[in-house]
Amino acid sequence: MASDDGFSDFFYTAPDGLRLHTRIYGEANTSGWPVVCLPGLTRNACDFHELALYLSQDAERPRKVIAFDYRGRGRSDYDPDISHYNVGVEAGDVLAGLSVLGIEAAAFIGTSRGGLIIHVLGALRPAVLKAIVLNDIGPVIEAEGLAYIKIYLDRSPTPKSFDEAVGAQRRVHGGDFPALADADWARMVAAICRETEDGWVPDFDAALVDTLAGADFSKPLPDLWPQFEALAAVPLLAIRGGNSKLLSAVTLEDMQKRHANMEAITVEGQGHAPFLETGNLPEQIAAFLDRAESKSFNSKA
């Protein structure tokens, strides 16, 4: 049963026994493809709250929305073996959750790491993907962007109050996100942090940062062009932050050349990764899903 917040909490068991969590919005909705939301490296299901409410409460086509907490994030169990914090294991966890929920296929929205997991799902079980929204991620990851993520995770402070936590996020990311308002920053902190006796801490297993140790960001990272091109038959919307350090404008242009069923949006005034609840992004995402499902997608093929 949905809570007053518009969602219900659902827990399931991963293949290796960890207890994992999802949020389900519009549980009784059957009017369109369900939507699966996959967050970034250290983020969780809260990132999609406003977008999920919008999609699940749409007047014409309310959709069921499932937002995942990967292992080690949000309300999911932490993994004692940090080698399991990888996109392959996490893709398997997503498939396990969908199996328990009885969902054979869905539209997928992936932010950053979530988009990488979508590439893996395309290799493991391509039939599960009905439509794709990639939020600031593509087959080429700029090493500069990943290095930047590692730096600010390593230096993440422990603010004593909510206001201090908001200020800390603005100091780190404000230059890339001049379009955000005070309410946006507050909503971000409420989504990614939890209050403890020591202050406001990131809501993920601190060992996740260790998975980036030893990476050489001075060299180009392996690309995923073969995996991306395998998604060519799936309608795709790619969203890029105009100030993104992770997804370049050149890569976005190359993606459009290689994918006949792709649309693209650049969100000015935002970096990695755009807040999907801001501006008219919810309307644009909903319209894309409707076009894809009604087979009126404007294919370039």
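Here the condition is being of a type in the set (A, V, I, L, M), closer than 23 Å to ILE151 by Cβ, surrounded by fewer than 16 Cβ atoms within 10 Å (Cβ to Cβ) and touching a residue at least 24 places away in the same chain (Cβ under 8 Å); of ALA207, ALA230, ALA260, it holds for ALA207 alone. Report yes if some residue within the stretch 215-222 is surrounded by fewer than 15 Cβ atoms within 10 Å (Cβ to Cβ) and part of a helix (DSSP H, G or I); otherwise report no. No - not one qualifying residue is present in the stretch 215-222.
Every residue, every condition in (1) buried (at least 16 other Cβ atoms within 10 Å of the Cβ); (2) part of a strand (DSSP E or B); (3) of a type in the set (A, V, I, L, M), yes or no:
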position: PHE177; (1), (2), (3): yes, no, no
position: ARG194; (1), (2), (3): no, yes, no
position: VAL201; (1), (2), (3): yes, yes, yes
position: ILE239; (1), (2), (3): yes, yes, yes
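Among residues of the stretch 16-31 that are within 12 Å of ILE66 (Cβ to Cβ), those with a Cβ under 7 angstrom from a residue that is surrounded by fewer than 18 Cβ atoms within 10 Å (Cβ to Cβ) and among the small types (Gly, Ala, Ser), sequence gap 6+ or separate chain, pair up as ILE24/SER8; TYR25/GLY6; GLU27/ALA2; GLU27/SER8. Would you check if GLN227 is of a type in the set (S, T, N, Q), under 21 Å from ILE109 (Cβ atoms), more than 19 Å from the chain's Cα centre (by Cα) and part of a helix (DSSP H, G or I)? So GLN227 does not fit the description; no. Would you check which residues across the stretch 189-241 are under 30 Å from ARG291 (Cβ atoms) and among the aliphatic types (A, V, I, L, M) and list them? Selection gives ALA191, LEU224, ALA230, LEU231, ALA232, ALA233, VAL234, LEU236, LEU237, ALA238, ILE239.
Read-outs throughout are calculated quantities, based only on the coordinates presented, and are distinct from any laboratory measurement. Predicted model, so just to flag it, every value in this text is computed and none were measured. Counting neighbours? That spans all protein chains shown, and the Cβs are built from the backbone with ideal geometry, glycine included.
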